[in-house]
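Working notes for the structure below.
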Amino acid sequence: MKQEELLVKRSGNKCELCEATGELKVYEVPPATGNMEDAILVCPKCLAQIEKREEPDSTHWQCLTTSMWSEVTPVQVMAWRMLNRLRNESWAAEQLDMLYLDDEKLTWAKATGDHESDAVVELHRDCYGAILQNSDNVVLTKSLDVKGSTVNAKVGTVIRNIRLVSDNTAQIEGRIEGQLIVILTKYVRKQG
């Protein structure tokens, strides 16, 4: 039997992390040796976030509260790594405290150093914690006086096509009445 067929049989044709069905891919948990024992079957959403092509979606990863109890070692390792990436979320920190890995599994989980690097990633977030990106639209949650002008931006003002200030996650740039200004992210919410 091929590796993929064995993984499909083991997983019941579901993502071994979130139980999604559909288009599943074989993912060899690094540092992999090429054995089936190092691989899991994952959905495209899990794979994109594991490989850091997408920001981790906390809501999606709450599936780990179930999959972390799997008896399959690479599933446990990936659950540990993803919970570590999300450890600033209270639910993830609680699950991480409950997840026990023996020394061999823990060494494997820490082998890539992946769990350490994510702690320093800073993101621009609005007043509710939603991730902001370049060209998003935001709404002011507080009336602001624009320094150096007579413009007063009222609560509810929509600012379109913002730009993130690259060296300060607490600031974005946007235009109000044609004037480019710097706005603190704690005074905006992302427009749906």
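Quick note: the coordinates plus some simple rules give every number you see, no bench work behind them. The structure displayed is predicted, hence computed values, not measured ones. Because the Cβ atoms are built from the backbone with ideal geometry, glycine has one as well, and the counts that use them run over all protein chains shown.
Annotations for the structure displayed:
- Radius of gyration and Dmax over the Cα atoms of the chain, both given in Å: 21.2, 73
- Whole-Hz ³J(HN,Hα) from phi, Karplus 6.51 cos²θ - 1.76 cosθ + 1.60, for region 6-15, glycine and proline x: 5, 5, 4, 5, 4, 8, x, 6, 10, 4
- Per-residue [θ]222 nm for the chain (sum of -39500 (n - 2.57) over DSSP H runs n ≥ 4, rounded to 500): -7500 deg cm²/dmol
- Cα lying deepest toward the dipole's positive end in the chain, options HIS124, ALA20, GLN49, charges on Cβ: HIS124
- Förster radius 41 Å - calculated FRET efficiency between LYS2 and VAL139, Cβ distance, rounded to 0.05: 0.20
- Least to most buried among GLU71, GLU51, GLU19 (fewest other Cβ within 10 Å first): GLU71, GLU51, GLU19
- Selection from VAL8, ASN84, VAL138 lying farthest towards where the dipole of the chain points positive, charges on Cβ: VAL138
- Simple Cβ-charge dipole of the chain, Lys/Arg +1 and Asp/Glu -1, about Cα centre, in debye nearest 20: 1000
- Computed from Cα atoms, the angle from the helix 73-85 axis to the main principal axis of the chain rounds to 20 degrees.
- Between ARG160 and THR112, the distance separating the two model label sites (each 7 Å from Cα on the Cα→Cβ line) works out to 4.0 nm.
- Residues TRP91 and THR169, FRET efficiency given R0 of 25 Å [Cβ-Cβ distance, rounded to 0.05]: 0.65
- Cut-off 15 Å between beta-carbons: net charge of the residues surrounding GLU177, Lys and Arg +1, Asp and Glu -1: +2
- Placed amide H near ARG125: partners under 5 Å, 5+ positions off or other chain: LEU132
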